[in-house]
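K.L.:
My questions will all concern the structure given below.
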Amino acid sequence: MAERKPAKKGPQKSAKSTTTTNKTSEGFTPEERAAMKERAQEMKAAARRGKADGESDVLAKIAEMPEPDRAMAERLHAIVKASAPALSPKTWYGMPAYAKDGKVVCFFQSAHKFNSRYATFGFSDSANLDEGHLWPTAFALKELTPADEARIGALVKKAVS
């Protein structure tokens with residue numbers, strides 16, 4: 001039987017990189033870190049109480065929002081419930097969201113949450129909005145007009161069809 005020779009070891013390198021740069025990684029913003037923490041808390045709370053009472057969670061998040069986001073969120077909540085009663089309200093990363101079979105279909109992100117100049121109403125990839133090779137998945141909102149409300153209602157209906 002042939003004797004195995006141990007493999008030769010080269011010079012040992014430290015785990016640290018030997019090059020230094022003057023770049024600093026910014027990573028996540030404080031708002032993004034807060035949203036991730038909120039999501040972790042939502043998941044823990046849902047696990048503790050079984051099926052979460054999403055309606056009260058969503059209404060509580062909406063009540064915390066500053067104006068004019070609160071008024072838009074209240075109106076959007078009513079539009080989503082009227083347009084797609086099968087969707088279940090829930091919070092998602094601290095935002096009001098609406099799910100079908102546990103998967104988020106649409107959500108509202110207040111301008112205040114990420115210090116943005118506009119609020120956003122968005123759809124996830126679970127939404128049935130595919131239209132050719134290109135379609136919108138989020139809409140910037142500064143205010144809601146009756147025409148905007150009708151368009152959002154129609155999109156929500158289509159998203160769950």
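K.L.:
Among residues belonging to the range 132-156 that are more than 20 Å from the chain's Cα centre (by Cα) and over 22 Å from Pro68 (Cα atoms), point out the one that is modelled with the highest pLDDT.
P.N.:
Filtering first and then ranking leaves Ala154.
K.L.:
Just to be sure before I move on: is Leu155 surrounded by 16 or more Cβ atoms within 10 Å (Cβ to Cβ), closer than 25 Å to Glu31 by Cβ and among the aliphatic types (A, V, I, L, M) in the structure I sent?
P.N.:
no
K.L.:
Here is a list: Leu155, Leu59, Leu141. Which entry is of a type in the set (A, V, I, L, M, F, W, C) and farther than 29 Å from Arg33 by Cα?
P.N.:
From the options Leu155, Leu59, Leu141, the qualifying one is Leu155.
K.L.:
Further, regarding this structure: Just checking, how many residues over the range 106-127 are surrounded by 12 or more Cβ atoms within 10 Å (Cβ to Cβ) and either of a type outside the set (A, V, I, L, M, F, W, C) or in contact with a Lys or Arg (Cβ under 6 Å, 6 or more places away or on another chain) (or both)?
P.N.:
Number satisfying all stated conditions: 10.
The values are calculated or read from the model by the stated rules, or taken from the named source; none is laboratory data. Quick caveat: nothing in here was measured; it's all calculated off a predicted structure. Heads up, the Cβs are rebuilt from the backbone with ideal geometry, glycines too, and the neighbour counts pull from every protein chain shown.
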